[in-house]
Structure formats: C-alpha cells, structure tokens
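The values are calculated or read from the model by the stated rules, or taken from the named source; none is laboratory data. Not measured: the values here are computed from a predicted model. Don't worry about glycine lacking a Cβ; one is built from the backbone with ideal geometry, like all the others, and counts go over all protein chains shown. All accessible areas refer to the heavy atoms of the entire protein, side chains included, with ligands and DNA or RNA removed. Shrake-Rupley method; radii C 1.70, N 1.55, O 1.52, S 1.80 Å.
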Amino acid sequence: MPTGFPLDVEAAAAAAIDPFGAARDDRRDLPLVTLDPVGSRDLDQAFALEPRGSGWTVWYAIADVGAVVVPGGPIDVEARQRGVTLYLPDGRAPLHPPTLSEGSGSLLPGQDRPAVLWRLDIDDAGRLTSGRARRALVRSRAQLDYVSAQAALDAGTAEEAIVSLRTVGEVLQAAEEERGGVSLPLPEQVVEEGKLAWRSPVPTEGWNAQLSLLCGRAAANLMLQGDVGLLRTMPPADERTMRRIARAATALGVAWPEGPAEQTY
C-alpha cells in the first residue's frame, strides 16, 4: 500500500493552477451541499435540488481535479500507477496528494472551487429527460454527513436539502426497480476502539448514491451519442453463478422463478 507521495508530486499538487479560470460559468449562487461519511475531507461531489414542474432539476457538481492535472506531469504519472484511492477500515491510500484532494480540489464549504457542473432534469417518475454539463465555479454551502443528516431527518429537523434528497432519492430508487436494477445496501467493515466492526448504511447514503448513478447515466448517454469515451460494462452471468444466486434467494426466502437459470435472469 503506498503511504506518501514523491516530492515532485507534492510540489506539483501545491502549485496546481486552474487553466480555465474566468472562462468558467459563475454558479456560486447555487445552494450546493456535500454529503459524505463523518470526517471526510476529500469532498468531490455536491448537489442542489430544485422542483421543476412535476419533476426535479438536479444540480450535481463534481470537483474538477482533472483540469489541474497536467497530462504526463508528476501528478498524472503517479495517479496512473495507483489507479484508484484504496480504502481500508482504518485508513486509505489516496489517488492524489491530500494537498489537492483534501485542499484546493475539495469542495469544502465556503470555498470557491472549480467543478464540472451537471444539470440533470428528471420527471415525476424519475426518468432522466435531459443531462448536460459545463465547467463552473461553485461554492458549497455546507458539509453534511450521512449519520447526522439521517438523525435530523428522523427527528424532523433536517434542512431542506436533505428533505428534498429523500423525495428525489425515493423516486429514483423506484425508477431503478422499475428498470430491473438492484442496489444492495451491504454493511461495511470499520474499526471501532481498535476492533473490527460492521456498520449498516443509512437511507441517506442510498439516496445520495442515486444522484451519482443519475449523473453516470447522463454521462454514458453523452458518450454513446458522441461515440467517444470508455464505458464499463459487465458480461452476462453464467449458469453456475445463477444457480448460486437461486440457492441464496431460496435460503433467504426470496421467491425465485422456476425454469433454467438463463431464462430467469
């Protein structure tokens, strides 16, 4: 596991400059908020939700770290070697230096930050009707965490952003089920007082994930229309895998259609 960064990578991260500058749309007017695990500093996504007719407009800002990473430069070379941020129960090995990922490239509250800002329009059934993106300058209003946001929602004291998130998130979850999609809120392993433990996700995490999935679908649509980019796909499950799923479903008391596995997938 990599534990630090070479000096030239750290220096490049500290000196990173946004090449777009004033050419970005100024959308600091949007009431964006971030929603992440408690204590997070690498805040790479923020959202704002607006009613639009019988549907909604989802504003989704993604920290534009890529804009300041020079192709072939020290940060780029190091990131390609790492591939992803690796998360452990008690720590992580980041993709980019914290100076960038938790500082100038993080959507920290009250700070002006470069972002790719998506406007995603959905109807009252959660269907994506429009998706487009612009480079923008944004400013997050608040840094929220899943547990506190859920507690406030349960107590009836949540701010409007979380109340709206519940409404939109539930609509998107229903639309996912209608499409035949599945989201599994599996527990995650954490370290508590030096011991491994399990933590079950709260509903706010699932609703927030739906916004990310919505943005991913919009991005995929643009790539398909433009015949560019990379799409991650999965091959069909083989018969052995389907038999395992059928056995697991039976053990859990979930009804499973009769017939060959390949016909019930």
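Below are the figures for this structure:
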item	result
Protein-only accessible surface order, largest first, of Phe47, Phe20, Phe5 at 1.4 Å	Phe20, Phe5, Phe47
Under the Debye formula (equal points on every Cα, no solvent term), log10 I(q)/I(0) of the range 150-197 at q = 0.16, 0.27, 0.28 Å⁻¹	-0.72, -0.91, -0.93
Gain upon complete extension [Glu193, Leu88; 0.36 nm per residue less C-alpha separation]	36.3 nm
Of Ile17, Ile62, Ile245, the one that fluctuates the most in a GNM where the chain has Cα springs shorter than 10 Å	Ile245
Top of Ala152, Ala197, Ala255 by mean-square fluctuation, Gaussian network on the chain, Cα under 10 Å	Ala255
Peptides 26-33, 165-172, 178-185 ordered by average Cβ neighbours within 10 Å, highest first	165-172, 26-33, 178-185
Magnitude of the charge dipole, the range 1-132, Cβ model with Lys/Arg +1 and Asp/Glu -1, debye to 20	200
Projected label distance in nm at Asp112 and Val70, using a 7 Å step from Cα toward the beta-carbon	2.4
Formal net charge of residues neighbouring Trp56 (Cβ-Cβ distance under 10 Å; K, R +1; D, E -1)	-3
Charge tally in the Cβ shell below 11 Å around Arg179, where Lys, Arg are +1 and Asp, Glu are -1, Arg179 excluded	-1
Cα shape, the range 27-81, gyration tensor, a/c 1.5 rule	prolate
Net charge of Cβ neighbours under 12 Å - reference Ser148; Lys, Arg +1; Asp, Glu -1	-4
Three-way shape call for the range 165-229 based on the alpha-carbon gyration tensor, with the a/c threshold at 1.5	prolate
Area accessible to solvent at Thr233, 1.4 Å probe radius, in Å²	110
Pairwise label distance in nanometres, Gln225 with Ser54, each label 7 Å out on the Cα-Cβ vector	2.3
FRET efficiency, 1/(1 + (r/R0)^6) with R0 45 Å, evaluated for Ala209 and Glu258 via beta carbons	0.85
Among Met242, Met223, Met234: highest mean-square fluctuation, GNM of the chain, C-alpha pairs under 10 Å	Met242
Label point 7 Å beyond Cα of Thr167 along Cβ direction - residues of the range 99-124 with amide nitrogen under 18 Å	120-124
DSSP beta bridge pairing in the chain, given as percent antiparallel to the nearest 5	85
